[in-house]
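Here's the structure we're looking at; comments come further down.
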Amino acid sequence: MPLVSVDEVAGYNFDFILIGGGTAGLTLASRLSENAEWSILVLEAGNAHLDDHPLISRPSQYGLQFANPEYDWAFKTVPQKFSNNLEYLWSRGKGLGGSSAMNFSVWTLPPKEDIDNWEKLGNPGWNWDNFEKYSRKAVTYVPLELEKGGSEPVSVEAAFSVWDASKARGDGPIFITHPRQILDVDLKLYQASETFLNMGLPKSRAPYHGDCNGTYLNLNNVHPTLHSRTYSIDAIQIRPLGKTKPIYFDSVDGDLEASGVEFYHGPEKKLYQASAAEGSNCFSWILELSGIGRPEVLTKLGVKVKVPLDGVGENVQEHIWTGCSFKLKDDYEHDTYDILKDPVQLEKHMGLYSKGQGLFSTGIVTMAGMPLRTITSDAEKLYAAEEARIRQDIQEGKYPPGLAEQYEIQLQYANKGALDCELLGVAGNSVTGRNPPLPGKKYYSIGAFLNHNFSRGTIHCLSSDPHEPPAIDPHYFERDIDLQIFIKTIRYVREITKKAPLKDILSDDPASMELNPGAEIQTDEQIANWLKQCLSTTWHTTGSLSMLPKDKNGVVDPTLKVYGTKNIRVVDVSIIPLQFAAHTQATAYIIAEQGLSSALSFLSFIAAHRSLNH
Ligand SMILES: Cc1cc2nc3c(=O)[nH]c(=O)nc-3n(C[C@H](O)[C@H](O)[C@H](O)COP(=O)(O)OP(=O)(O)OC[C@H]3O[C@@H](n4cnc5c(N)ncnc54)[C@H](O)[C@@H]3O)c2cc1C
């Protein structure tokens, strides 16, 4: 795809306009561009960052782009009523590549049941079999060359056997592999996995094929030989053109037909237009500014209602996480990310990276997913209490259409052993946490994640000015069960630190070993308050434009077309109707791959349209 100037775009007509050159957006653009007949415009609000190596491409520099307006939208949530009225930073990638250019390169896939639940909610074809099939279109899996090192070949080999050898390795543009230095610098990390096994967790049987219960060494999206980030820009090269304003419509004839997009470009924020014969990619706030959404929201904005659609900006679901960090023994021999605070060490490791060694050639690799009942004997009690509350709410008519059905599936699945809790090991102090690390000390962190929150939030425009951020309200802990599960998970993390071999490398001093939460945080109430202070978005927000039947507050149908429109599609993680137990980037790519295929009849229409007009 060529790099273009605004003069080559404004006023021109395209077959497709994609709003947002992020993870799914560039994947879609890349696939569409395989048909040389089609003209495709990607409008990205951020900059191209094509020459930004190494800020984007060097992995393992977690958080370096945070709050930098060049890379991060750095939104904030509104004060969270059920979380001490606190506001939370809400980072999201800006620029070509979107969040795939700033994420932590953890590559995971959900369990089979999580995806099959999407189909149960009324989305034919959105099931595990298709999901797995499209996952292999997005990626190429490259196994680690085990002969490179490792003192215990048998157990190491077993640790790395995460891909079923009988399954194809895929042929997509995104490389996934184990980080290059895992056998050397990272070998000790395997101790955390061993500790998880010693806690009684199983080794995950097929973490990339639908069964990830237990612990495994997860893959990273990094290049197998260069060890640079592989991300959506690897599929394509294009130039961003500005922040998008509303979509505009030419004719209203039954369903609404979009005919183009207005967008701002340049420092003076000049307004331009480009038109599209068919097709667009979208966000909840752009739909609202374009007159598609909840009438009461649009009326407040002063935007004329063109398609009343109550699901827009609703059903927002979020994984949340926080890190517990523990001081390592003073004589701990291996490097951790903590040492990068020292400029001398930083320079040393940058030099090592150029040779494919050192901390920047490592990654986050220790993963564990487990049902609540694995970590607490109170699981059944907690779910039963939540079920009773839900039944009561249903009787009182408290839920919007479709939510009761989601909860029913969520509860059934929880009782069967859904992987509601996740743990992830990091060799260094976590980016969350109230207590700062001591200079010169090394830490090990265990991140605790909630996978299937019961709380549901909203994202709505506050102003008709597209430069104003939307009101992001995830309703953290509105359902108390989310908080209770989180508390249990933190207690379980503490139990893990008492088990070998992790225990053997942690400091012997009980007063200072636990940096966060810290020895003084003990009662459930104290843990709850600490969590409220230290939680973070996992940057996995889904649901604001849910793929659901229209009468269940759906926004898009299974071909990802927005209800009430002829040609507007949403192709990104906001269509996910129900959260799942995995990080979301792989799913963003898969949604683009499957979304395109689901829209095939629409694409044939484009082809016909073109042949009539040429
Ligand atoms: C800090 C961070 C760490 C993460 N770590 C991981 C991880 O390790 N593993 C994992 O699996 N997932 C991770 N994720 C989540 C994952 O990266 C995202 O879920 C996924 O990339 C989202 O893809 P998307 O296509 O839906 O959106 P994005 O990739 O965010 O793309 C949206 C694009 O739209 C652009 N845009 C927005 N508004 C406009 C507008 N008005 N006009 C034009 N363009 C616009 C944005 O600038 C952006 O480029 C992380 C995310 C973040 C932010």
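Across segment 480-516, the qualifying residues are those that are of a type in the set (D, E, K, R) and buried (at least 19 other Cβ atoms within 10 Å of the Cβ), and the one among them that is farthest from residue 528 (Cα to Cα) is 514.
For every residue, the table says whether it meets (1) hydroxyl-bearing (Ser, Thr, Tyr); (2) within 22 Å of residue 220 (Cα to Cα); (3) in contact with a His (Cβ under 6 Å, 6 or more places away or on another chain).
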| residue | (1), (2), (3) |
| --- | --- |
| 322 | yes, yes, no |
| 342 | no, no, no |
| 345 | no, no, no |
| 348 | no, no, no |
| 354 | yes, yes, no |
| 361 | yes, yes, yes |
| 365 | no, yes, no |
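Out of all the residues in segment 468-491, is one or more touching a residue at least 60 places away in the same chain (Cβ under 8 Å), assigned to a loop (DSSP other than H, G, I, E, B) and over 25 Å from residue 369 (Cβ atoms)? The answer is yes, given that some residue of segment 468-491 is touching a residue at least 60 places away in the same chain (Cβ under 8 Å), assigned to a loop (DSSP other than H, G, I, E, B) and over 25 Å from residue 369 (Cβ atoms). Of the candidates 361, 325, 377, the single residue that is of a type in the set (S, T, N, Q) and either open to solvent by 20 Å² or more (accessible area, probe 1.4 Å) or free of Cβ contacts under 8 Å to residues at least 60 places away in the same chain (or both) is 377. Candidates 515, 531: the one that is in a strand (DSSP E or B) and touching a Leu at 6+ places or on another chain (Cβ under 9 Å) is 515. Among the residues of segment 18-41, are any aliphatic (A, V, I, L, M), under 30 Å from residue 532 (Cβ atoms) and within 16 Å of the chain's Cα centre (by Cα)? Within segment 18-41, not a single residue is aliphatic (A, V, I, L, M), under 30 Å from residue 532 (Cβ atoms) and within 16 Å of the chain's Cα centre (by Cα). Taking segment 283-310 as the range and being at positive phi and part of a loop (DSSP other than H, G, I, E, B) as the test, the residues that pass are 291, 302. Is it fair to say residue 431 is within 25 Å of the chain's Cα centre (by Cα), open to solvent by 30 Å² or more (accessible area, probe 1.4 Å) and closer than 20 Å to residue 364 by Cα? Yes: the conditions hold for residue 431. Apart from one condition, residue 152 fits all of (1) open to solvent by 40 Å² or more (accessible area, probe 1.4 Å); (2) at pLDDT 90 or above; the exception is (2). Candidates in segment 67-126 are the residues that are outside any loop (DSSP other than H, G, I, E, B) and small (Gly, Ala, Ser); of these, the one that is farthest from the ligand (Cβ to nearest atom) is 101.
Conditions tested, residue by residue: (1) under 30 Å from the mean Cα position of the chain (by Cα); (2) not assigned by TED's automatic domain parsing to the domain that holds residue 196.
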site	(1), (2)
306	no, yes
309	yes, yes
327	yes, no
331	no, no
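The test for being surrounded by 18 or more Cβ atoms within 10 Å (Cβ to Cβ), among the acidic types (Asp, Glu) and not assigned by TED's automatic domain parsing to the domain that holds residue 216 holds for residue 288. Scanning segment 537-593 for residues being more than 9 Å from the ligand (Cβ to nearest atom), out of contact with any strand residue (DSSP E or B) (no Cβ under 8 Å at 6 or more places or on another chain) and of a type in the set (D, E, K, R) gives a total of 4. Among the residues of segment 11-28, those identified as within 15 Å of the ligand (Cβ to nearest atom) and touching a Phe, Trp or Tyr at 6+ places or on another chain (Cβ under 8 Å) are 16, 19, 20, 23, 24, 27.
Filter segment 65-81 down to the residues that are under 29 Å from residue 366 (Cα atoms) and loosely packed, with under 13 Cβ neighbours inside 10 Å and list them by number. Listed by number, the list holds a single entry, 67. Against the definition (at pLDDT 95 or above and more than 17 Å from the chain's Cα centre (by Cα)), how does residue 79 come out, yes or no? In short, yes. Applying the criterion of being of a type in the set (Asp, Glu) and modelled with pLDDT of 75 or more to the residues of segment 158-188, the residue that is nearest to residue 222 (Cα to Cα) is 171.
The values are calculated or read from the model by the stated rules, or taken from the named source; none is laboratory data. Note that the structure is predicted; figures quoted are calculated from it, not measured. Cβ: placed from backbone, ideal geometry, glycine included. Neighbour counts: every protein chain shown. Surface accessibility is based on the protein's heavy atoms, side chains included, excluding ligands, DNA and RNA. Shrake-Rupley method; radii C 1.70, N 1.55, O 1.52, S 1.80 Å.
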